[in-house]
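To start, the structure under review is shown below, and the notes come after it.
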Amino acid sequence: QENFDMSTYPVESIRNFSIIAHVDHGKSTLADRLLEITGTIAKTDRNKQVLDKLQVERERGITVKAQSASLFYNHEGVNYLLNLIDTPGHVDFSYEVSRSLSACQGVILVVDANEGIQAQTVANFYLAFEAQLTIIPVINKIDLKNADPERVEKQIEKLFDIPIDECIRISAKQGTNVEKVLQNVIEKIPPPQCNTADPLKALVFDSTFDHYRGVIANIALFGGEIEKGHKIVSAHTKKRYEVNEVGILTPNEQPTHKLYAGQVGYVIAGMKEVTEAQIGDTLFLYKQPVEPLPGFKSAKPMVFAGMYPVDQAEYNNLKSALERLTLNDSSVTVHRDSSLALGAGWRLGFLGLLHMEVFNQRLEQEYNMSVILTAPTVPYKAILSSAKLIKEYGKAEITIINPAQFPDKLSVSEYLEPTVLGTIITPHEYIGKIIALCQDRRAVQKDMLYIDEHRIMLKYLFPLNEIVVDFYDALKSLSSGYASFDYEDAGYQAADLIKMDILLNGKPVEELATIIHSDKAYATGKFLCERLKDAIPRQLFEIAIQAAVGKKIIARETLKAYRKNVVAKCYGGDITRRMKLLKRQAEGKKLMRKIGNVEVPKDAFIRVLKRQIDK
């Protein structure tokens, strides 16, 4: 392996940038072309999304983790080192994007010439704008026959105040004009502001776990230099390490002698524990402490779900798989949890539903674990009024992530539910249906703006639990796939929440309890009872499936008993004979129902909890 000498790239000839865009606007394809032009990878037809390394990413065709790569490029006789970070586009992973931007001085904002500006384009633009980065607008996919770059340029000018002549029209798939993007990166994006003479100061912006070498931390150097044998300290854990290897990613790891200020690379320093490489942490040399860099605000989980092993014997294996996977994906929060029907497990917090599905898929593919995921819930808050409970919890405001812990109405002054500010961008012909959908989800309209004559941007304040399960699917099907949706956290607001229990023959089933808004109680209760009626096997006695709020029953389905035909032996004769036999059977069934126990099989739980949308 050839060792690169990184000292030939002074700070002035380094450019750190990332590529941001909406889902499917061609970020990873543009990254492929940039890698090819700079000779980082060989030109072949097989280069499709080279930076998407995970199996999940390949199957779904989406980017889940931000990936970085170093490119070498000669522009006007000077060798430049370009550090590129390819970011995900989905709203669930906007945390990855904001993290990547902290290691950059500029961004390439990619917009599809066919689709125009979408919701994530707007969200990601503001992330970069707030971080005060240089923004280079690029219009991609101009080779498509429906492409309309002029319209997109007007949209960019109207929404982002970027002059039309700054936009670069490219086709990443065919490689048209991509060289121009690289030249613009070098001319417009400033070099990092740092000095090799300063003490070492490195920001950990990502980390992965390797079975043989431990934790591999991706770092951006904001000062000083780092080489093998250095003693470094983590500002977060205060632990000391010795550096075993440093290098750059050309997408694959390439060891080098040293890394200097302004460069982006990786470091392996014998970190054994997954929790040690905290993302947003600062590394510095032993006995040369520096002011830690401002970290990232930690990601706030928006959706909680219970996760249980299918077989309790797998508990320990699942535990170690979870620990390793949460290192690679630091935005998942984990709490221990247990339930009567499903045994011991965890309550996991995710950034969104797609995040939850991807996490589950990675567990299955990378660690071969099959798990049960319960229905997703969102974190509610309650403000307690009874002095006894306040003393017990130690504070007046408590957060509820598990419906089983929902406090009684009598001891609470008000319940709060999380809200999000949603941005919907849609062609104007679907606007009526979309407004109706939003009102059905208890949303409040905040703003409405025409981007151009065909596009409308709507802003709504949504309760999070209304959009968490199936809002996105409903929006896509109403608008034939044209509308796009993005949301950001908007704090908590007071709401009329209730806990709905499901009773089987009068006994509550803890796992099926849900917290809902009182307006939706009747519909949800009826729906759950119907689902359960299909899922629970019939018994020899009748089962009453009821949805209850407090003591009040709001919906009921009855699962009839299996019964023997006791009147088969009667041929004619008096009716009283039949009545006697039937009455005796009914009494037996009544007695059985008193002592009989309804065992809900595990797969019935899974079928009901799976998702409440396959109506």
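The values are calculated or read from the model by the stated rules, or taken from the named source; none is laboratory data. Not measured: the values here are computed from a predicted model. Cβ placement follows ideal geometry from the backbone for every residue including glycine, while neighbour counts extend to all protein chains displayed. Just the protein is used for accessible areas: all its heavy atoms, side chains included, with ligands, DNA and RNA removed. Shrake-Rupley method; radii C 1.70, N 1.55, O 1.52, S 1.80 Å.
General observations
- Of the chymotrypsin sites (Phe, Trp or Tyr not before Pro) in the range 527-576, those whose Cβ has at most 16 other Cβ within 10 Å and which sit in DSSP loop: Y562, Y571
- Gap separating the Cα centres of the range 174-202 and the range 123-169, nearest whole Å: 20 Å
- Mean projection area, nm², convex hull over Cα of the range 303-369: 4.1 nm²
- Maximal additional length on extending the Y315-M448 stretch stands at 42.9 nm, based on 0.36 nm per residue less the C-alpha distance.
- From the coordinates shown, Rg/Rh (Cα atoms, Kirkwood Rh) corresponds to which of (i) 0.97; (ii) 1.01; (iii) 1.06: (iii)
- Dipole magnitude (debye, nearest 20) for the chain, charges at Cβ of Lys, Arg, Asp, Glu: 4220 debye
- Aspartates and glutamates with Cα under 20 Å of K154, excluding same-chain neighbours fewer than 8 positions away: D112, E115, D143, D165, E166, D452, E453
- The range 99-108 - phi-based ³J(HN,Hα) in whole Hz, Karplus 6.51/-1.76/1.60, Gly and Pro as x: 6, 5, 5, 5, 9, 10, 10, x, 9, 9
- Cross-link pairs beyond the 32 Å C-alpha cut-off, checked among K27/K476; K381/K594; K391/K551; K459/K499; K319/K533; K53/K188: K381/K594; K319/K533
- Projected label distance in nm at E397 and K272, using a 7 Å step from Cα toward the beta-carbon: 4.2 nm
- Under 24 Å of direct C-alpha separation, and excluding same-chain neighbours fewer than eight residues apart, K569 reaches these lysines: K560, K580, K583, K589, K590.
- Carbon and sulfur %, accessible surface of the chain computed with the full protein complex present, 1.4 Å: 50 percent
- The amide H of F222, built 1.01 Å from its N in the peptide plane, has K201, A202, L203, G262 as neighbours under 5 Å, considering only residues 5 or more places off or on other chains.
- Candidate aspartates and glutamates for bridging to K552, where Cα separation is under 14 Å - those fewer than 8 sequence places away on the same chain excluded: D501
- Placing a label point 7 Å from the Cα of E166 along the Cα-to-Cβ direction, the residues of the range 103-126 with a backbone N closer than 12 Å are 107-109.
- You can think of it this way: the chain between K526 and E253 has 92.7 nm of extra reach, that is 0.36 nm per residue less the Cα-Cα gap.
- Evaluated with a Cβ-only charge set (Lys, Arg +1; Asp, Glu -1), the range 380-495 carries a dipole of roughly 380 debye about its Cα centre, given to the nearest 20.
- Using the average count of surrounding beta-carbon atoms within 10 Å as a protection proxy, the listed peptides 382-392, 113-123, 514-524, 456-466 rank, highest first, as 113-123, 456-466, 514-524, 382-392.
- Solvent-accessible area per residue for the range 201-285 (1.4 angstrom probe, square angstrom): 37 Å²
- Stretch gain in nm, segment E291-R577, where the contour uses 0.36 nm per residue and the Cα spacing is subtracted: 93.6 nm
- Nearest-0.05 FRET efficiency for Y126 and M592, computed from C-beta distance (R0 45 Å): 0.10
- Accessible area (Å², per residue) of the range 11-188, counting only protein heavy atoms and a probe of 1.4 Å: 38 Å²
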